[in-house]
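Peer 1: Dropping the structure in here first, questions after.
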Amino acid sequence: MNEVRLGIVGLGRLGKRHAHNLRYRVPGARLVAACSVVPDELTWARDELGVENTYDSYDKMIASDEIDAVFLVSTSSFHGEQIKAGLAAGKHVFSEKPMGVTIEECHDVEGAVAAAPNLHFQLGFVRRFDPSLAYAKQKIDEGAIGEPFLVRAQTVDTDEFAEFQIKFVPNSGGIFMDMNSHDIDLARWFIGSEIKSVYAIGGSYVHPGFAEVNDADNTVALCQFENGKMAVISASRTAFHGHDTHTEITGSKGILKIGMTPSKNRVEIFDDKGARVECVQDFYERFHEGFLLEAQSFVNGIIDGVKPSIFATDGTRATEVGFALTQSFKEKRVVEL
Ligand SMILES: NC(=O)c1ccc[n+]([C@@H]2O[C@H](COP(=O)([O-])OP(=O)(O)OC[C@H]3O[C@@H](n4cnc5c(N)ncnc54)[C@H](O)[C@@H]3O)[C@@H](O)[C@H]2O)c1
């Protein structure tokens with residue numbers, strides 16, 4: 001096999017970006033099909049990307065012999081079922097995070113992945129493919145900061161999306177599940193242990209609408225790992241300067257800081273307002289290289305027969321910790337996993 005024929009599912013905010021990458025920027029990928037429940041999105045796929053086969057039904061798409069793999073960028077609550085059905089139809093599966101919105105669903109996916117050992121399953125923990133975060137992991141593995149014992153990771157979105165996000169809370173799983181799943185995954189990856197207890201606090205400090213749906217616009221959580229090490233994970237939906245997602249790892253011999261100033265580029269502006277940089281404005285601008293590299297890795301893995309390094313169990317752990325953080329925030333207590 002020297003090319004992978006893909007069908008993309010979901011052509012919304014992120015799906016269009018993935019589709020564009022698969023069509024034009026991932027050698028070895030051939031985007032031959034697209035599925036969406038929104039007719040205009042299918043028209044877009046045909047007109048803008050020249051996708052030959054479009055479907056309004058996922059089941060019809062996976063019944064086709066013309067695709068080897070599905071690339072799921074659908075609404076989170078559909079991921080679990082679509083992963084299982086894709087594998088059962090003999091397709092390799094890439095799925096955006098979260099792997100499932102319930103723990104039971106995640107366990108079902110783990111079973112489906114184990115039952116299809118010849119198929120590839122990769123979860124979209126894009127930050128593991130970000131060149132700077134991947135380099136940080138390499139430095140940790142080389143012992144550059146000694147023994148890592150504290151990860152501080154935050155995901156911060158700009159305020160302009162906040163009102164819009166309130167109505168997505170019931171389907172997204174809330175701020176911890178939706179925004180912190182990458183931070184949880186990174187903390188596990190860097191520390192090399194499982195989170196065993198969490199305590200989360202937060203509130204709706206800027207947008208009362210989040211409190212009305214039992215969620216928050218700003219949160220902070222303390223996490224302790226089974227090996228005694230620590231993580232501080234925070235989220236905000238109310239920044240004005242830009243998308244400010246950064247990570248810091250402290251070890252016994254040093255500290256790694258990744259993206260602490262969310263600069264758009266290397267230009268510094270010195271003018272009558274002072275000295276400043278412009279900032280990235282959304283997750284895609286910050287992680288666009290990672291999105292491309294994760295898609296390339298999925299396609300190369302299928303062509304070369306090399307299994308992905310992110311496992312279904314990683315998806316389950318992120319969902320379990322996301323639930324524990326939500327529970328801790330709502331019940332105002334420490335939650336043990
Ligand atoms: N990795 C990241 O950093 C990151 C960032 C943003 C979004 N995401 C994830 O990507 C997914 C999509 O997010 P979005 O912001 O693009 O959402 P969106 O609402 O803009 O798009 C969702 C798409 O799914 C399609 N869809 C919904 N139900 C479907 C079904 N049953 N069958 C086929 N298609 C269906 C819709 O037509 C739409 O095209 C979410 O799961 C989200 O968590 C990940």
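Peer 1: Please compute the alpha carbon radius of gyration of the chain, then divide it by the globular-protein estimate 2.2 N^0.38 Å. Two decimals is fine. The partial results should precede the final answer.
Peer 2: Details: Rg = 20.1 Å, N = 337, 2.2 N^0.38 = 20.1 Å.
So the Cα radius of gyration is 1.00 times the expected 2.2 N^0.38 Å.
Peer 1: Mind checking the dipole of the chain: about its Cα centre, +1 per Lys or Arg Cβ, -1 per Asp or Glu Cβ, Debye to the nearest 20?
Peer 2: I would put it at about 700 debye.
Peer 1: Just going by the charge dipole of the chain, with Lys and Arg at +1 and Asp and Glu at -1 on Cβ, which of H20, V93, Q154 is farthest out on the positive end?
Peer 2: Working it through, the farthest residue towards the positive pole turns out to be Q154.
Peer 1: Oh, and also: For R46 and Y135, what does the FRET efficiency come to when R0 = 35 Å and r is the distance between their Cβ atoms, rounded to the nearest 0.05?
Peer 2: 0.35
Peer 1: Something else now. With each run of n ≥ 4 DSSP H residues scored as -39500 (n - 2.57), what mean residue ellipticity at 222 nm is computed for the chain after dividing by its residue count and rounding to the nearest 500 deg cm²/dmol?
Peer 2: That comes out to -12000 deg cm²/dmol.
Peer 1: Starting from the Cα-Cα distance between A144 and R25, subtract it from 0.36 nm times their residue separation and give me the gain in nm to one decimal.
Peer 2: Residue separation times 0.36 nm, minus the Cα-Cα distance, leaves 39.4 nm.
Peer 1: List the GluC sites (Glu not before Pro) in the stretch 196-282 that DSSP assigns to loop (not H, G, I, E or B) and whose Cβ has at most 11 other Cβ atoms within 10 Å. Which are they?
Peer 2: For GluC sites (Glu not before Pro) across the stretch 196-282 that sit outside H, G, I, E and B with at most 11 neighbouring Cβ atoms in 10 Å, the list reads E268.
Peer 1: Give the Kirkwood hydrodynamic radius (Å, one decimal) of the stretch 4-119, defined as one over the mean of 1/r across all pairs of different Cα atoms.
Peer 2: Over the stretch 4-119, the inverse of the mean reciprocal pair distance is 14.0 Å.
Peer 1: Hey, got a sec? Which chymotrypsin sites (Phe, Trp or Tyr not before Pro) in the stretch 147-189 land in a DSSP loop and have at most 16 other Cβ atoms within 10 Å?
Peer 2: Counting only loop positions with at most 16 other Cβ atoms within 10 Å, the chymotrypsin sites (Phe, Trp or Tyr not before Pro) in the stretch 147-189 are F168.
Peer 1: Between the stretch 302-316 and the stretch 68-138, what's the alpha-carbon centroid distance in Å?
Peer 2: Here the answer is 8 Å between Cα centres.
Peer 1: Could you check the spin-label model distance between F161 and T313? Points 7 Å from the Cα along Cα→Cβ, value in nm.
Peer 2: Simple spin-label model gives 3.1 nm for this pair.
Peer 1: Now a separate question. With all protein chains present, how much of the accessible area of the stretch 245-334 (probe radius 1.4 Å) comes from carbon and sulfur, to the nearest whole percent?
Peer 2: That share works out to 53 percent.
Peer 1: If you put +1 on each Lys and Arg Cβ and -1 on each Asp and Glu Cβ, how big is the dipole of the stretch 4-119 around its Cα centre, in Debye rounded to 20?
Peer 2: About 480 debye.
Peer 1: Same structure again: Putting +1 on Lys and Arg Cβ atoms and -1 on Asp and Glu Cβ atoms, find which of G111, P170, Q82 reaches farthest to the positive end of the dipole of the chain.
Peer 2: G111
Peer 1: As I understand it, the dipole of the stretch 204-337 uses +1 on the Cβ of Lys and Arg and -1 on the Cβ of Asp and Glu, about the Cα centre. Which of Q327, H207, F225 lies farthest toward its positive end?
Peer 2: Toward the positive end, the furthest listed residue is F225.
Peer 1: Separate question: What do you get for trypsin sites (Lys or Arg not before Pro) in the stretch 88-168 restricted to DSSP loop and a cutoff of at most 13 other Cβ within 10 Å of the site's Cβ?
Peer 2: Taking the stretch 88-168 and a limit of 13 other Cβ atoms within 10 Å, the loop trypsin sites (Lys or Arg not before Pro) found are K167.
The values are calculated or read from the model by the stated rules, or taken from the named source; none is laboratory data. Every value quoted in this text rests on a predicted model; they were computed, and no experiment measured them. No Cβ is skipped: glycine too gets one built from the backbone with ideal geometry, and neighbour counts run over all protein chains shown. For accessibility, only protein heavy atoms count, side chains too; no ligands or nucleic acids. Shrake-Rupley method; radii C 1.70, N 1.55, O 1.52, S 1.80 Å.
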